[in-house]
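Worksheet: the structure to be examined is printed underneath.
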Amino acid sequence: MIFYLSWISDPDLRKIGFLPGWLTNWTDAQENATIRTGVPFLFLGVILGMKGIYINANLKWWSIALALLMLIVLIAEFGQSLLPFRNNDVKDILWGVAGSFAGLLPSYLYLRLKKHYK
């Protein structure tokens, strides 16, 4: 879904039709043009974080999870540079990484606290 939304020819998400209006109103507002990149990565981070809790992941796993999310951000942004009417932006990369980190962090901290108080 991230690649699809990143690589559609028109960044105006209102035109794709399957996202709710309240969401496209927010994503298509000029002031949210870069921060919107972080939102799906926040959710991906939360999902991966829950997996990390489930498998009782170690620090290496968390590092790989963050690196994987960062790689997805980079691939999505690189793909935009190949499309007409789209451009990549360093701020999009930073927001994607921030969203990934923010999504992973609560699960990581929960697991650390759980291990500490055992």
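No value in this document is a laboratory result; all are computed from the given coordinates. If you're wondering where the values come from, they're calculated on a predicted model, not measured in any experiment. Glycine also receives a Cβ, built like all others from the backbone with ideal geometry; neighbour counts cover every protein chain displayed.
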> Helix 38-54 versus the longest principal axis of the chain: what is the Cα-based angle in degrees, 0 to 90, to the nearest 10?
Replying inline: 20 degrees
> Counting alpha carbon pairs within less than 8 Å and at least 6 residues apart, what relative contact order, in whole percent, applies to the chain?
Replying inline: 38 percent
>> Please list log₁₀ I(q)/I(0) at q = 0.20 Å⁻¹ for the chain, using the Debye equation with identical point scatterers on the alpha-carbon positions.
In response: -1.03
>> Give me the net charge for the shell around Ser63: Cβ to Cβ below 15 angstrom, other residues only, Lys and Arg +1, Asp and Glu -1.
In response: +3
>> Counting only other residues whose beta carbon sits under 12 Å from that of Ser81, what net charge do I get with K and R as +1, D and E as -1?
In response: -2
